[in-house]
1. Criterion first (in contact with a helix residue (DSSP H, G or I) (Cβ under 8 Å, 6 or more places away or on another chain), outside any helix (DSSP H, G or I) and open to solvent by less than 30 Å² (accessible area, probe 1.4 Å)) does residue 152 satisfy it?
2. List the residue pairs whose Cβ atoms are under 6 Å apart, where the first residue sits in the range 184-196 and is in contact (Cβ under 8 Å) with a residue 24 or more places away in the chain, the second is open to solvent by 70 Å² or more (accessible area, probe 1.4 Å), and the two are 6 or more positions apart or on different chains.
3. Mind telling me which of the residues 61, 112, 56, 108 ends up being closer than 28 Å to residue 150 by Cα, of a type in the set (A, V, I, L, M), surrounded by 17 or more Cβ atoms within 10 Å (Cβ to Cβ) and touching a residue at least 24 places away in the same chain (Cβ under 8 Å)?
4. Can you tell me which of 120, 159, 144, 138 is open to solvent by 30 Å² or more (accessible area, probe 1.4 Å), touching a residue at least 24 places away in the same chain (Cβ under 8 Å), more than 30 Å from residue 209 (Cβ to Cβ) and of a type in the set (A, V, I, L, M)?
5. Determine whether residue 277 is in the same structural domain as residue 176 (by the TED database), more than 21 Å from residue 149 (Cα to Cα) and modelled with pLDDT of 95 or more.
6. Could you list, ordered by first residue, the pairs with Cβ atoms under 8 Å in which the first is in the range 26-44 and surrounded by fewer than 13 Cβ atoms within 10 Å (Cβ to Cβ) and at pLDDT 95 or above and the second is among the aliphatic types (A, V, I, L, M) and in a helix (DSSP H, G or I), at least 6 apart or interchain?
7. If you go through the range 64-74 one residue at a time, how many are buried (at least 18 other Cβ atoms within 10 Å of the Cβ), free of Cβ contacts under 8 Å to residues at least 40 places away in the same chain and assigned to a loop (DSSP other than H, G, I, E, B)?
8. On the given criteria, is residue 306 in a helix (DSSP H, G or I), hydrophobic (A, V, I, L, M, F, W, C), touching a strand residue (DSSP E or B) at 6+ places or on another chain (Cβ under 8 Å) and farther than 16 Å from residue 257 by Cα?
Amino acid sequence: MPHAVILDAESLGPKIDLTAIEETVSHLEVFQQSSTDQALERLANADIAIVNKVVLDANTLQQLPKLRLICVLATGLNNIDLETAKDRNIEVKNVAAYGTASVSQHTLMLMLALANRLPLYQRDVAAGEWQRSAFFCLQDHPTLQLAGKHLVMVGQGELGSEVARLAEAFGMRVTFAARPGNEANDQRASLDDLLPDADVISLHCPLSDATKHLINSERLANAKPSLLLVNCARGGVIDELAALEALRSGKLGGLGVDVLPAEPPKDGHPLLDALSEPLNLIVTPHNAWITPEARQNIVALTAKNISEWKSA
C-alpha cells in the first residue's frame, strides 16, 4: 500500500471527510498548507503527492525519486511541471466535472441577480430609498425577464451543457457558439455572428491564446447595450477593464464574474474598486465550486484515481 501526502488540505475547505482517500493508502499525512520548499521535505518518503495549488516544479520533482503519482485536487494542472513528471515516470491525475451542479447553480445565480438588477436594488434599499418611496415599490432599474431571451454560451462541455439545461427551464433560447479559434472547422455559428442578438453571454471555456480577452471592447461595441455578461470560467477570458468601461457608460447591462486574472487579488483589481459604484456588477471570490457536495466529490474522485493507478 502506498504512502500519500496531502500538501494543502485547507484548500478543500472545512468539514471534508478524507476517509475515502485514507482507505486507498497505507498512510496519509495531511498538511493544511505547504510552500514549494516545504513540499520537497514533506514528500521525501511519499509515493503519492496530493495537491491542489502548491507548485511542484522541475527542481522539486527531480529530488523526489520515490514519488510515482501526483493527484491534483482540481482540473487545472498548471502548477505541475508535466514534462519533468513524464520524464521521471510520475503519473499525474486530476479531477474533472466534480462541481458541475455547484458551478452551474452559481452561474444561474449571477444571471438571475443581474437580470433583476439585484446589486442596484439592494443598494437602494440599504440607502433608504424604499422607505422614502411615495409608492409601494421601487422601479428605477428596469429588470430583464429571462423567458424568451437569447443566451449565447461559449463552451459546450459538461458544465456548459448543464447551464444551458437550467437556462432552458427559465424559457431561454440557448445557442452554443463555435469554439474560439476553430470557427472554420465548426458547424456552429461564431461568437461574432451570434453577438448582436445575444441578451446574455455565459462563458465556460478554458483560458488560452484563442480565448484571452475573447470579450473585448470591439465585441462589446457590437453587442446590445442591455447585454448581461457572466464569467465563471477563468479571469482574462474577458477584458475586465473594457467590460467595466462599457458598464459605466451604459453600453453593457450587467457584469457578473467569479474569477479574476490574479487570485487572490492581493494587489487589488478595478472591478473590486467599482463595487462601491452604483453599477449592475457582481464579483464573487472564485467560490462557484465550493458547495460541500462538490468538495466531497473531489475526495471521492481522487480516491478513485488512486485505486485505478494501483490496479493498472
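1. yes
2. 195/222; 196/222
3. Sole residue among the options that is closer than 28 Å to residue 150 by Cα, of a type in the set (A, V, I, L, M), surrounded by 17 or more Cβ atoms within 10 Å (Cβ to Cβ) and touching a residue at least 24 places away in the same chain (Cβ under 8 Å): 108.
4. 144
5. On the way: in the same structural domain as residue 176 (by the TED database): yes; more than 21 Å from residue 149 (Cα to Cα): yes; modelled with pLDDT of 95 or more: yes.
Yes; evaluated as a whole, the condition is true for this residue.
6. 32/9
7. Within the range 64-74, the subset buried (at least 18 other Cβ atoms within 10 Å of the Cβ) is 64, 67, 69-74.
Pick out the ones that are also free of Cβ contacts under 8 Å to residues at least 40 places away in the same chain and you get 64, 67, 70, 72.
Filter once more, keeping what is assigned to a loop (DSSP other than H, G, I, E, B): 64, 67.
The number of residues fulfilling the criteria is 2.
8. yes
The values are calculated or read from the model by the stated rules, or taken from the named source; none is laboratory data. Because the structure is predicted, anything quoted here is derived from the model rather than measured. So basically every Cβ, Gly included, is an ideal-geometry build from the backbone, and we count neighbours across all protein chains shown. All accessible areas refer to the heavy atoms of the entire protein, side chains included, with ligands and DNA or RNA removed. Shrake-Rupley method; radii C 1.70, N 1.55, O 1.52, S 1.80 Å.
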